[in-house]
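Trainee: Take this structure first; my questions come after.
The values are calculated or read from the model by the stated rules, or taken from the named source; none is laboratory data. These numbers were taken from a predicted model, which means no experiment stands behind them. In this analysis, Cβ positions are derived from the backbone assuming ideal geometry, glycine residues included, and neighbour counts consider all displayed protein chains.
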Amino acid sequence: MNRVFEFLFSRIKKITVYGLVGRSGTGKSYHSKQVAAKYNISLIIDDGLLIKGDRILAGHSAKQDSNFMAAVKTAVFDDQDHRDQIVSALLKEKYKRILIIGTSEKMVVKIASRLDLPSPAKIIHIEDVASPEDIETAMHIRFTEGKHVIPVPSIEITRSAPQIVFDSIRVKLGRKKGRKAAVSEKTIVRPEFSRPANDAVSEVALTQMVKHAISEYDSVMKVKKVKGVKNTDSTYSISLTIQLPMRHYISTTISDLQQYIADCLEKFGSIMVKSVSIEIEEWG
């Protein structure tokens, strides 16, 4: 279908896009159903999947991918066939609100644009729906045990990727007046690309991840050198040198770039990042 028509169609339907944003491992997928229930949202986009209630309508989960690069492309619908599958499924659904889950506002906006959806009308941060204790527990589990959550029953996951299923949990979504609390089943998985916390990341793999993050952030930037040091608490301290053309204007701050790199490494490499140091060299 013509993309211009798809774009106009989404406007005609008066769709409202919500974003749920937080660092990797902070419990976004775990809390997504609660957020959807609170705002009466019927569809969720999470890690390459289109989810409605307890069913996967379309897509391919990034958690099924065997490496970092593939997981990145899946999560942002870089593959045209994958993207078209989701758009086709969206056009068949009657909905007014959709929730997009991402590690940053920039990622949520990019996914919405890629799927010809309106820009997010409301961004919800994980800190708005989860306590500091909940977030700390979620991050500890992610980075010590490599466990992730997909907000659908395990039977949905075992149909396409039984090898990544670890366990399932049932969570009460909250009680409305005069009604029993709804219960949602979520699946705990160990993604193909996830590593045990005690496995060191090779410098080649780390460099590849950082280069991809930089190219996504600003294609003019070139990565000259990347070094990662694993700390005693299993986190990583990353230092890199970036080359920029003389007089090239960076549209955001260095701290924004540091956070973006950390988010990418945490989300797609299961690497807990303690710090990112950036040195910039000019050329030309």
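Trainee: When segment 1-32 is examined, which residues are found to be more than 13 Å from A130 (Cβ to Cβ), at pLDDT 90 or above and crowded, with 20+ Cβ neighbours inside 10 Å?
Mentor: Result: V17, Y18, G19.
Trainee: Continuing with this model, one more query. Take the residues in segment 60-90 that are crowded, with 21+ Cβ neighbours inside 10 Å and among the small types (G, A, S), then tell me which one is farthest from A262 (Cα to Cα).
Mentor: So the residue we want is S61.
Trainee: Let me ask something else. Considering only residues that are under 20 Å from Q85 (Cβ atoms) and basic (K, R), look in segment 102-124 and name the one that is surrounded by the most Cβ atoms within 10 Å (Cβ to Cβ).
Mentor: Once the filter is applied, the top-ranked residue is K110.
Trainee: Tell me, yes or no, whether segment 205-225 has at least one residue that is surrounded by 20 or more Cβ atoms within 10 Å (Cβ to Cβ), touching a strand residue (DSSP E or B) at 6+ places or on another chain (Cβ under 8 Å) and modelled with pLDDT under 85.
Mentor: Checked segment 205-225: at least one residue is surrounded by 20 or more Cβ atoms within 10 Å (Cβ to Cβ), touching a strand residue (DSSP E or B) at 6+ places or on another chain (Cβ under 8 Å) and modelled with pLDDT under 85.
Trainee: In addition: Quick check on my filter: what residues within segment 230-247 are part of a strand (DSSP E or B) and within 15 Å of I261 (Cβ to Cβ)?
Mentor: Within segment 230-247, Y236, S237, I238, S239, L240, T241, I242 meet the criteria.
Trainee: Which of (1) part of a loop (DSSP other than H, G, I, E, B); (2) buried (at least 24 other Cβ atoms within 10 Å of the Cβ); (3) of a type in the set (A, V, I, L, M, F, W, C) does I41 not meet, given it meets every other one?
Mentor: Against the list (1) part of a loop (DSSP other than H, G, I, E, B); (2) buried (at least 24 other Cβ atoms within 10 Å of the Cβ); (3) of a type in the set (A, V, I, L, M, F, W, C), I41 comes up short only on (2).
Trainee: So which of D79, D65 ends up being under 23 Å from L265 (Cα atoms) and either in the same structural domain as L257 (by TED's automatic domain parsing) or free of Cβ contacts under 8 Å to residues at least 24 places away in the same chain (or both)?
Mentor: After ruling out the rest, the residue left standing is D79.
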